[in-house]
Amino acid sequence: MSNDSTARGYLTPVGDSPKYDEELEREISRWIRGVSGLPAKRVFPRWTDPQADIPNNGITWCAFGITTVPLQGFPANVQLDDDASEQWAWETVTVICCFYGPQGAGTATAFRAGLFVEQNNTELNCIGLSLSDAGTIYNLPELINNQWVRRYDITVTLTRKTTRTYNIKSIVDGNVTINTGD
């Protein structure tokens, strides 16, 4: 089956694809660690299989989750050459960050303050993301193993441009004749 526009049928992207799932979670985990100052073993994604062991009570840590990835408008299709086209799309990546433990509020507010440091956003740009918005920090204590644990949630909105390549051929020479009526 052909995967280009010279034959009828569906086309799928070729080459590298944007990062999603575990790849994107690893990048976001590094970013949260870098801005919050938490060590690597104290920041991990929520809703994974297998679920990571949560730290003991009395330890400050963060669990995060990518909650939405809406598309902003319609993608743009750009012909690269005679054989390929790129599709450019602008996505919003919404991330909920839940800071737990005795320094949960302090870590959440330090993280939020660090989001607005230009050098931190420049580092985020290096992985193709950019800060769009940081929401309110909510105090939402959670009952874990029959103990109340401090929890502070903040939702952060990031944006990114994604690019996918398709084998869409350019029309170089048409097998047609144009009559002008003369």
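Summary table
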read-out: For the range 126-144 versus the range 1-79, the gap between their alpha-carbon centres in whole angstrom; value: 15
read-out: Distance between modelled label sites at residue 56 and residue 132, nm, 7 Å Cα→Cβ extension; value: 4.1
read-out: Gyration tensor (Cα) of the chain, equivalent ellipsoid semi-axes in angstrom; value: 46, 17, 13
read-out: Electrostatic dipole magnitude of the range 27-79 [Cβ: Lys, Arg +1; Asp, Glu -1; Cα centre; debye, to 20]; value: 180
read-out: Long-range HN-HN contacts of residue 43 with modeled amide H, under 5 Å; value: 62
read-out: Other-chain or far-sequence residues with amide H under 5 Å of residue 103's (modelled H); value: 60
read-out: DSSP-loop chymotrypsin sites (Phe, Trp or Tyr not before Pro) across the range 13-56, with at most 14 other Cβ within 10 angstrom; value: 20, 47
read-out: Candidates 59, 171, 96, ranked by Gaussian network fluctuation over the chain, Cα under 10 Å, top entry; value: 171
read-out: Formal net charge of residues neighbouring residue 64 (Cβ-Cβ distance under 12 Å; K, R +1; D, E -1); value: +2
read-out: Charge dipole magnitude, Cβ of K and R +1, D and E -1 - the range 21-166, Cα centre, debye nearest 20; value: 820
read-out: Loop-resident sites, the range 97-182, for chymotrypsin sites (Phe, Trp or Tyr not before Pro), counting at most 15 other Cβ within 10 Å (DSSP); value: 116
read-out: Residue (of 139, 70, 92) at the positive-pole extreme of the chain, dipole from beta-carbon charges; value: 139
read-out: Residue 132 long-range amide H proximity, modeled H, under 5 Å; value: 157, 158, 159
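Each value in this text was obtained by applying a stated rule to the coordinates, not by laboratory testing. This one's a predicted model, so the numbers in the text were calculated from it and none came from an experiment. Note: ideal-geometry Cβ built from the backbone for every residue, glycine included; neighbour counts use all protein chains shown.
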